[in-house]
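Written below as structure tokens is the structure these notes are about.
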Amino acid sequence: MNIRNRIPSQLKYPAKWLRNKLYYRGNKRCCPVCSREVSHFITSREGHDTKCPWCDSMARHRFVWLYLDRSLRLWDFPASTKILHVAPESAFIGKFRNHFGTNYVTSDLLSPDVDINCDITRMPFGDGEFDLIYCSHVLEHVPDDRAALAEFRRTLSPQGRAIILVPIDETREATYEDPSIVSREDRLKEFGQEDHVRVYGRDFLDRLSDAGLDCRELRWNSLFTPELMGKAEILPGAGSIFECSRK
């Protein structure tokens, strides 16, 4: 265990701790990731998301954390569970590592702060190596997402689960992508973000199936009560969680 994780936040970040204790004092909102109550979350610069002042979790992080904690009941899994976390969220890493130890593996293409740097379309892991693969808001950045999904299927154990999240435009029946669009300006215009390579439509389930994955879609408004979602300020339209297993 990293000894830094045991240092109280008021000693690691005294200025931030004092500011948060004073400015965000209250209990109108509660972050499920760090279990802190606050008067309000921080509104993003664009105005369409909110961030926890303590752990920096955004709305989608709080949404998936509630799912992992209360629906999947991840912390009831044995510590021997082998987990692959692709492009890991910083707010999650310590909690995963503390529970699963060296069986928890983080991966990213370029980040120096992960266990393994690799391309998820060609992963250096054995067949059926992982009991759980968690990948959130990554595939929309990957040119060959079908190859990445095939790799998830290959490295998933027969009884394992892959938890996948992507942004989906519910108004689109079919995914929109064009590999000839390569400039950041054109990608921003066509796909909504400079580093996105497609806009997923309602056919995303078909891609999962084509990769050999059985999947159930868990929509944002079907998992928890409106009161709980409001307390965590999970915004309407938070999207879906795709819970997959091998066919």
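Percent antiparallel among DSSP beta bridges with both residues in the range 133-247, to the nearest 5? All intermediate terms of the calculation are to be shown ahead of the outcome.
Values: 12 of 17 bridges.
The antiparallel fraction comes to roughly 70 percent.
Would you mind ranking 38, 64 so that the residue whose beta carbon has the fewest other beta carbons within 10 Å leads the list? It would help to have the intermediate numbers written out before the result.
Details: 38 21, 64 26.
If I rank by nearby Cβ atoms, fewest first, I get 38, 64.
With 10 angstrom as the radius, rank 48, 137 by how many other C-beta atoms surround their C-beta, starting from the fewest. Show your work: numbers first, answer last.
Values: 48 10, 137 19.
With the sparsest Cβ surroundings first, the list reads 48, 137.
Pull up the cross-link candidates among the aspartates and glutamates for residue 28, meaning alpha carbon to alpha carbon under 18 Å and not fewer than 8 places away within one chain.
Counting by Cα, and skipping residues close in sequence, residue 28 has these aspartates and glutamates nearby: 37, 49, 56, 227, 233.
With only alpha-carbon atoms in the gyration tensor, what are the semi-axes of the equivalent ellipsoid for the chain, in Å, largest first? Numbers along the way, then the final one.
Details: eigenvalues 173, 106, 67 Å².
Semi-axes from the Cα gyration tensor: 29, 23, 18 Å.
Using only alpha carbons, build the gyration tensor for the range 161-206 and give me the equivalent ellipsoid semi-axes, biggest first, whole Å. Walk me through the numbers before you get to the answer.
Details: eigenvalues 85, 29, 16 Å².
Listed largest to smallest, the semi-axes of the range 161-206 are 21, 12, 9 Å.
Give me the one-decimal nm value for the distance between modelled label points at residue 122 and residue 180, 7 Å along each residue's Cα-to-Cβ direction.
Modelled inter-label distance: 2.7 nm.
Too long at a 26 Å Cα-Cα cut-off: which of 51/82; 189/231; 95/231; 95/247? Can you show the working numbers first?
Numbers: 51/82 30 Å; 189/231 34 Å; 95/231 22 Å; 95/247 30 Å.
Pairs exceeding the cut-off: 51/82; 189/231; 95/247.
Tell me the GluC sites (Glu not before Pro) within the range 185-221 that lie in a loop according to DSSP and have at most 13 other beta-carbon atoms within 10 Å.
Values: sites: 185, 190, 194, 217; in loops: 194.
Sites meeting the loop and neighbour criteria: 194.
Place +1 on the Cβ of every Lys and Arg and -1 on the Cβ of every Asp and Glu in the chain, take the dipole about the Cα centre, and give the residue among 221, 182, 204 whose Cα lies farthest towards its positive end.
Of the options given, the answer is 221.
Rounded to two decimals, what is the ratio between the C-alpha radius of gyration of the range 127-242 and 2.2 N^0.38 Å? Walk me through the numbers on the way to the answer.
Numbers: Rg = 15.4 Å, N = 116, 2.2 N^0.38 = 13.4 Å.
Expressed relative to 2.2 N^0.38 Å, the Cα Rg reads 1.15.
Please list, by residue number, every one of the trypsin sites (Lys or Arg not before Pro) in the range 40-109 that is coil in DSSP and has at most 14 other beta-carbon atoms within 10 Å.
On the way: sites: 45, 51, 60, 62, 70, 73, 82, 95, 97; in loops: 45, 73, 82.
Those that pass, being in a loop and sparsely packed, are 45, 73.
All of the numbers you see were taken from the coordinates with simple rules; none came from a lab. What you are looking at is a predicted structure, and each value in this text was computed from that prediction instead of being measured. A quick note on method: Cβ atoms are made from the backbone with ideal geometry, for glycine too, and the neighbour counts reach across all protein chains shown.
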